[in-house]
Amino acid sequence: MKARQISFFDEANRYERLTELGDPLEKLDSVMDWEMFREPLTALCQNEYGISKLILQRGGRPPIDVIVKFKTSVLRRIYNLSFDQIEYQINDRLSFMRFLGLGLNDKVLDSRTIWDFENTLAQNDVMEKLFCMFDEKLESEGLITHKGTIVDATFVDVPKQRNSRDDNKKIKNGEIPEEWRKPENAPKLAQKDADARWTKKNNEVHFGYKDHVKCDADSKLITNYAVTDAALHDSRRCTDLLDDEDENLYADSAYSGEQIAKNLPENCENHICEKGYRNRPLTEEQKESNRQKSKIRCRIKHIFGQMTGQLQGINVRSIGMIRAWFNIGMLNLVYNIFRYEFLKRPKLSEGIVAPI
């Protein structure tokens, strides 16, 4: 069949059709003020920008906008894509190009540029600052109430490593096997994650890290987080996540115990589920109390469910704790961005609001 000549309005018509079909990226872009992230991102990339500005004065190519780079990283996390795949998908998909503000005649970031940008963010520990900036915006709009706080942790798996028992023993003790340090084994060492750990829970084996999350019970927005290796117990980071604004703490029985109860903020009421023991089972009254607490506590499981489903899984492909902090922080930030878009949706009808 003979190809039809492209007309002037074909691209606009296709974008209009994407809107009619409910492009989720367009909805996300309509409520987000991406410019709020420009200052810290520009400050971080100042050297790169300065060099690019000098090149521009001499007639070189203009630098790629830092917001476009950041939104590309957000896209990569939304669809859990590799660096090569995000480059291909941006070239291939009109919805991705519109989200980034690119036209068919604009240059698309290559995979190496995206990797360099994310590596710069990770090495300079910027993700927590970006997360806190957005968190402050959520509080200023009254979406975070602090009336109820929930704490929990989830595994973040990384590609499994196959090491000998002796190598694993050394890694667990914080050492690097001498064999890996040899110059000829440099490529092998670069692919070995010495920070991730193995652990087992409910007959499921995990290798990687943990995302310790604190969320607001009313809005299900993440208000703080911490990253550790997978072997660390959930309760070890509980009190580190809390602050004086938290009024009520909900958590499962893994967080029960005198140590956490004593170190709660002064005005924070303890609603942690109680734990039964072999010679001291829970009474019916305690079981009923746990059921009432769990009706609120379970809301944090909805967060992990959305990460698993809508954000294509709770896992990372990076190596090392520094990159894990960045990628898990990006996962938490992107979840909050999606949740923010949901909470900002208009009412379904007069007197009826969308369920949260």
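The values are calculated or read from the model by the stated rules, or taken from the named source; none is laboratory data. All values derive from a computational prediction rather than experimental measurement. Heads up, the Cβs are rebuilt from the backbone with ideal geometry, glycines too, and the neighbour counts pull from every protein chain shown. The protein model used for the area step is the full one, side chains on, heavy atoms only, and it has no ligands, DNA or RNA in it. Shrake-Rupley method; radii C 1.70, N 1.55, O 1.52, S 1.80 Å.
Which one of these does Asp195 not meet: (1) under 21 Å from the mean Cα position of the chain (by Cα); (2) loosely packed, with under 15 Cβ neighbours inside 10 Å; (3) farther than 29 Å from Ser294 by Cβ?
Here Asp195 clears every test but (2).
Report those strands (runs of 3 or more DSSP E) wholly inside region 204-320 carrying at least 1 residues which are under 13 Å from Ile150 (Cα atoms) and of a type in the set (Lys, Arg).
Here the list reads 204-216.
Name the residues in region 19-35 that are under 13 Å from Phe96 (Cα atoms) and in a loop (DSSP other than H, G, I, E, B), would you?
Within region 19-35, Asp23 is the sole residue that qualifies.
Are there any pairs, at least 6 apart or on different chains, whose C-beta atoms fall under 8 Å, with the first in region 262-274 and more than 16 Å from Lys287 (Cα to Cα) and the second surrounded by 11 or more Cβ atoms within 10 Å (Cβ to Cβ) and β-branched (Val, Ile, Thr), and if so, which?
From region 262-274, the pairs are Asn263/Thr239; Leu264/Thr239; Cys268/Thr149.
Conditions: (1) open to solvent by 20 Å² or more (accessible area, probe 1.4 Å); (2) touching a strand residue (DSSP E or B) at 6+ places or on another chain (Cβ under 8 Å); (3) over 15 Å from Phe155 (Cβ atoms). Gly257 meets all but one. Number of the miss?
In the conditions (1) open to solvent by 20 Å² or more (accessible area, probe 1.4 Å); (2) touching a strand residue (DSSP E or B) at 6+ places or on another chain (Cβ under 8 Å); (3) over 15 Å from Phe155 (Cβ atoms), Gly257 misses (2) alone.
From (1) charged (D, E, K, R); (2) assigned to a loop (DSSP other than H, G, I, E, B); (3) under 27 Å from Arg197 (Cα atoms); (4) more than 21 Å from the chain's Cα centre (by Cα), pick out the condition that doesn't hold for Lys107.
(3)
Scan region 166-192 residue by residue and report those that are surrounded by 17 or more Cβ atoms within 10 Å (Cβ to Cβ) and within 22 Å of Glu204 (Cα to Cα).
Ile171
List the residue pairs whose Cβ atoms are under 6 Å apart, where the first residue sits in region 114-142 and is in contact (Cβ under 8 Å) with a residue 12 or more places away in the chain, the second is among the charged types (D, E, K, R) and open to solvent by less than 70 Å² (accessible area, probe 1.4 Å), and the two are 6 or more positions apart or on different chains.
Phe117/Lys69; Ala122/Arg323
Among the residues of region 145-165, are any exposed (fewer than 15 other Cβ atoms within 10 Å of the Cβ) and more than 29 Å from the chain's Cα centre (by Cα)?
yes
Criterion first (over 19 Å from Ser318 (Cα atoms), open to solvent by 30 Å² or more (accessible area, probe 1.4 Å), touching a residue at least 40 places away in the same chain (Cβ under 8 Å) and of a type outside the set (A, V, I, L, M)) does Asp240 satisfy it?
no
Hey, any hits in region 122-135 for a residue that's among the aromatic types (Phe, Trp, Tyr), buried (at least 17 other Cβ atoms within 10 Å of the Cβ) and not in a helix (DSSP H, G or I)?
Looking through region 122-135, none of the residues is among the aromatic types (Phe, Trp, Tyr), buried (at least 17 other Cβ atoms within 10 Å of the Cβ) and not in a helix (DSSP H, G or I).
Okay, residues lined up against (1) under 30 Å from Arg345 (Cβ atoms); (2) touching a residue at least 40 places away in the same chain (Cβ under 8 Å); (3) touching a Leu at 6+ places or on another chain (Cβ under 7 Å):
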site: Ala190; (1), (2), (3): no, yes, no
site: Phe207; (1), (2), (3): no, yes, no
site: Tyr225; (1), (2), (3): yes, yes, no
site: His233; (1), (2), (3): no, no, no
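Please go through region 105-117 and pick out each residue that is open to solvent by 30 Å² or more (accessible area, probe 1.4 Å) and in contact with a helix residue (DSSP H, G or I) (Cβ under 7 Å, 6 or more places away or on another chain).
Of everything in region 105-117, those that are open to solvent by 30 Å² or more (accessible area, probe 1.4 Å) and in contact with a helix residue (DSSP H, G or I) (Cβ under 7 Å, 6 or more places away or on another chain) turn out to be Asp110, Trp115.
Are there any pairs with C-beta distances below 7 angstrom linking a residue in region 10-37 that is under 18 Å from Tyr335 (Cα atoms) and open to solvent by less than 60 Å² (accessible area, probe 1.4 Å) to a residue that is among the acidic types (Asp, Glu) and modelled with pLDDT of 90 or more, with the two at least 6 apart or on different chains, and if so which?
That search, which allows pairs on different chains as well, returns Leu28/Glu341; Val31/Glu341.
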